[in-house]
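Structure, as structure tokens:
Derivation of every value follows stated rules applied to the coordinates shown; laboratory data play no part. Please read all numbers here as calculations on a predicted model, not as lab measurements. Reconstructed Cβ throughout: ideal geometry from the backbone, glycine too, with neighbour counts over all protein chains shown.
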Amino acid sequence: MNNVDRDRDSSQRFEVVVVGAGQAGLAMGYFLKRQGRQFLIVETADSIAAAWRSRWESLVLFTPRRYDRLPGIPFPGDPEGYPLRDEVIAYLERYAETLELPIELNSPVRSLSKDDGRFVLEVDGRTIEAEQVVVATGPFQTAYVPELAEQLAPDRFQIHSTAYRNPKQIPEGTVLIVGGGNTGFQIAKELSSTHQVHLAIGSRQTPLPQRILGRDLFWWLTRVGLLGKTVESRIGRRLRERETLIGSSPRELRRRYGVDLKPRAVRASGRTVAFADGTELEVDAVIWATGYRPDYSWIKLPVLDPKGETRHRRGVTDAPGLYFLGLTWQYTRGSALLGWVKEDAEFAANQIATFAPAERDRSLERSTR
């Protein structure tokens, strides 16, 4: 990884700027380097793979290592085994170093606009210009905590799942985890050995076993082509509306781990949380595994809908030369997964290659007028 020197002119120009040095941004870097582009990857955090570093220490991927590779470099280790969080971080660090990707850390983009045909990125007092921009900030942007958190007493311990690391940081007593996705289930399993754990589930999920007939679930999903179904297909639209649990189930959580399941949390007062079925629970700690919300307020271009969400078709926006990458269901179920983001990245790289010559010709024409 080339950690770009920041002591330069206040204005810089590149063919392509990639915003975000997570798995999506690094995959994009692979294809841009292969094309010989003059590009830069800018990252808000002080290290790459910031989203992975914000997850709990014992996190285990539900995809085997054979499916966790970015383009060009395989994921090391037993291909049938499931990597831990720190393995993923180490892999992404080695990936950036091996490819010598031009990455600038500690560089939050404050605004993205367009002026005279070029994109303008304001990065902490500096200006970076680009012919094209890839927003690869991924789906994990702003941690979401519901308003009822404010109804709990100030002395009740509360954290979002992004701040959870291990059971030692959680006070003794009754723990309520709010959010029944894969994150909520994995944290509940870990905490069940040291705490009395309750899990509030607000939506229906489809439990899927990790292995079927001796094969990993993703072997089957790949074999039957489900991971390739696009969001534009009928089955893709149906799958997008369903929340799936991989390798977990409510029955397993109750029987094997002794976790008490609750319906949706609807109210809180003091140290008590009330649920949709009318029951209540006194809690000592709450972990909000309630997901994330997008934050594109820094993008000053007409590419967002009234809810602030992205408008695109497989990452291609209505602003020529601006792309999104790494979004959940950007095109397929695998769009936001480590081992599948390369497909959307390659598609975006091909769009960049098609667009770039025409844009350079227009830039040259403007400069000679």
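List of remarks:
- Gyration tensor verdict on region 1-154 (Cα atoms; rounded if a/c is under 1.5, prolate if a/b is larger than b/c, oblate otherwise): oblate
- Bridges between two residues of region 121-225, per DSSP, are antiparallel at a rate of about 50%.
- Between the beta carbons of residue 255 and residue 304, assuming R0 = 41 Å, the FRET efficiency works out to 0.35 to the nearest 0.05.
- Relative contact order (%) - region 252-309, alpha-carbon pairs under 8 angstrom, separation at least six: 17
- Cα→Cβ-extended label distance, 7 Å offset, between residue 38 and residue 129, nm: 1.1
- Across the chain, the relative contact order, built from alpha-carbon pairs under 8 Å that are at least six residues apart, equals 21 percent.
- Hits among lysines - C-alpha to C-alpha of residue 342 under 23 Å, sequence gap 8 or more where chains match: 33, 229
- Only one item in (i) 1.00; (ii) 0.96; (iii) 1.05 matches Rg/Rh (Cα atoms, Kirkwood Rh) derived from the coordinates shown, and that item is (i).
- Hits among lysines - C-alpha to C-alpha of residue 114 under 20 Å, sequence gap 8 or more where chains match: 300
- Overall form of region 221-315 per C-alpha gyration tensor (a/c, 1.5; a/b vs b/c): oblate
- The modelled label-to-label distance between residue 94 and residue 238, using points 7 Å beyond Cα along the C-beta direction, is 4.1 nm.
- Choice from 300, 189, 33 showing the highest fluctuation, given a GNM over the chain with Cα pairs closer than 10 Å: 300
- For region 181-234, the alpha carbon convex hull comes to 120 Å³ per residue, rounded to a whole number.
- Crossing angle, helix 85-99 versus the chain [Cα axis fit, 0-90 degrees, rounded to tens]: 10
- Mean ellipticity per residue at 222 nm, deg cm²/dmol - from DSSP H runs of n ≥ 4 across the chain, formula -39500 (n - 2.57): -7500 deg cm²/dmol
- Relative packing of 266-279, 14-27, 122-135, which averages over residues the other C-beta atoms within 10 Å, highest first: 14-27, 122-135, 266-279
- Rounded if a/c under 1.5, otherwise prolate or oblate - region 21-88, Cα gyration tensor axes: oblate
- Shown is the FRET efficiency for residue 224 and residue 153, computed with R0 = 56 Å from the Cβ-Cβ distance and rounded to the nearest 0.05: 0.65.
- A full extension of the chain between residue 47 and residue 212 corresponds to an added length of 55.6 nm, given 0.36 nm per residue minus the alpha carbon distance.
- The order of the peptides 166-173, 240-247 by mean Cβ neighbours within 10 Å, most packed first, is 240-247, 166-173.
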